[in-house]
1. Name the residues of region 96-128 whose amide N is less than 19 Å from a point 7 angstrom out from the Cα of residue 69 along the C-beta direction?
2. Quick check: from the Cα gyration tensor, does region 1-115 come out rounded (a/c under 1.5), prolate or oblate?
3. For the chain, modelled as a Gaussian network with Cα springs under 10 Å, which listed residue fluctuates most, 17, 112, 123?
4. Can you sort 43, 83 so the residue with the fewest Cβ neighbours within 10 Å comes first?
5. Over region 1-71, what is the relative contact order in whole percent, taking alpha-carbon pairs under 8 Å and six or more residues apart?
6. Mind jotting down the three principal axis lengths of region 49-110 based on Cα atoms? Whole angstrom, largest first.
7. For the chain, what relative contact order do you get, as a whole percent, if you take Cα pairs closer than 8 Å and at least 6 residues apart?
8. Counting other beta carbons within 10 Å of each residue's own, what order do 37, 15, 108, 74 fall into, fewest first?
């Protein structure tokens, strides 16, 4: 039972710390990456490249494992998971990320650094999530 709480909490803490160290809790840095024809900031490209390398290693390790360390079985995506809802949600995510300069992970991590502006983002994000749940009849 304790592992079900500790492992995700530790992973989330490490993820948030990495985003903070990488400067991804600074909306100006993200918007600077998206400004291809102005004062372009490549920092996000390096953060994404690091994430791709880590994920490539994780996929290689997963292929050699019988089962996950902290679960009964692997839960991996496949092409059936690619739905119009996912594509639409991804588009909305990208638009919101470009406008706000934050996405959920860095938004929550930014609560510790710039609570005022981050709280506005997190509140709007949670309100949007609630609206979707209500529209889909899950609320």
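1. Within reach of a label on residue 69, which here means backbone N under 19 Å from a point 7 Å along Cα→Cβ, region 96-128 contributes nothing.
2. prolate
3. With Cα springs under 10 Å in the chain, the top fluctuation among 17, 112, 123 is at 123.
4. 83, 43
5. Value for region 1-71: 19 percent.
6. Principal extents (largest minus smallest coordinate, Cα): 42, 29, 21 Å.
7. Working: 82 pairs, mean separation 40.5, N = 139.
Relative contact order comes out at 29 percent.
8. Numbers: 37 5, 15 15, 108 19, 74 10.
By the 10 Å Cβ count, ascending, the order reads 37, 74, 15, 108.
Each reported figure results from applying straightforward, stated rules to the coordinates on display, with no laboratory input. All values derive from a computational prediction rather than experimental measurement. Reconstructed Cβ throughout: ideal geometry from the backbone, glycine too, with neighbour counts over all protein chains shown.
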